[in-house]
Amino acid sequence: MCITPPAITKVNTYEGVLLYPNAFEGMTTLSAREPDLDSQGWNDSLYIALNMSTQDNPIGTCLWFMTNTLYNATVIIDGDTEKYDLGTGPKEVVEKFVVGNQTFFKVEGY
């Protein structure tokens, strides 16, 4: 299974990007569109969004992310090199960060 980003050229709003078919499946659920405004997760997210210029970026220049389980099941190990196929053939993973249960990564050429 490979995950590719949607063609953003026709989608020029945050809502359009988040609700683009199959781009962020979680955004199609009612719980995502009506979050618990009293939860710590909501408060943390809101703080980060409102203070972007003062926050460290824990994912560098990574462009893709998925659960650690999915990443580990689909990454191609070639000796000491990790490669990932985003639909155009395996490309070397040049940047990777694991944050909690998510793997953020970038492949050569991007």
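The values are calculated or read from the model by the stated rules, or taken from the named source; none is laboratory data. Keep in mind that this is a model prediction, so the values were computed, not measured. Positions of Cβ are generated from backbone atoms using ideal geometry, with glycine treated the same way; all protein chains shown enter the neighbour counts.
Considering every residue within region 62-83, establish whether at least one is of a type in the set (A, V, I, L, M, F, W, C), closer than 27 Å to G41 by Cβ and surrounded by fewer than 11 Cβ atoms within 10 Å (Cβ to Cβ).
For region 62-83, residues of a type in the set (A, V, I, L, M, F, W, C), closer than 27 Å to G41 by Cβ and surrounded by fewer than 11 Cβ atoms within 10 Å (Cβ to Cβ): present.
Tell me which residues, restricted to region 59-89, are more than 23 Å from G109 (Cβ to Cβ) and in a loop (DSSP other than H, G, I, E, B).
None - no residue of region 59-89 is more than 23 Å from G109 (Cβ to Cβ) and in a loop (DSSP other than H, G, I, E, B), so the list stays empty.
Mind listing whichever residues of region 97-110 are out of contact with any Cys (no Cβ under 7 Å at 6 or more places or on another chain), over 15 Å from D78 (Cα atoms) and in a strand (DSSP E or B)?
Listed by number, the residues that qualify are V98, V99, Q102, T103.
Only residues in region 73-91 that are assigned by TED's automatic domain parsing to the domain that holds F105 and among the basic types (K, R) count as the first member; pair them with residues that are surrounded by 13 or more Cβ atoms within 10 Å (Cβ to Cβ) and in a strand (DSSP E or B), Cβ under 6 angstrom, at least 6 apart or cross-chain, and list the lot.
Taking only residues 6 or more apart or on different chains, the pairs are K83/I76; K83/P90; K83/E92; K91/V107.
Could you identify the single residue in G60, G89 that is at pLDDT 90 or above and either on the phi > 0 side of the Ramachandran plot or in contact with a Pro (Cβ under 8 Å, 6 or more places away or on another chain) (or both)?
Exactly one of G60, G89 is at pLDDT 90 or above and either on the phi > 0 side of the Ramachandran plot or in contact with a Pro (Cβ under 8 Å, 6 or more places away or on another chain) (or both), namely G89.
Give the residue that is surrounded by the most Cβ atoms within 10 Å (Cβ to Cβ), with candidates limited to residues of region 84-110 that are among the aromatic types (F, W, Y) and either over 27 Å from S45 (Cα atoms) or over 12 Å from the mean Cα position of the chain (by Cα) (or both).
Y84
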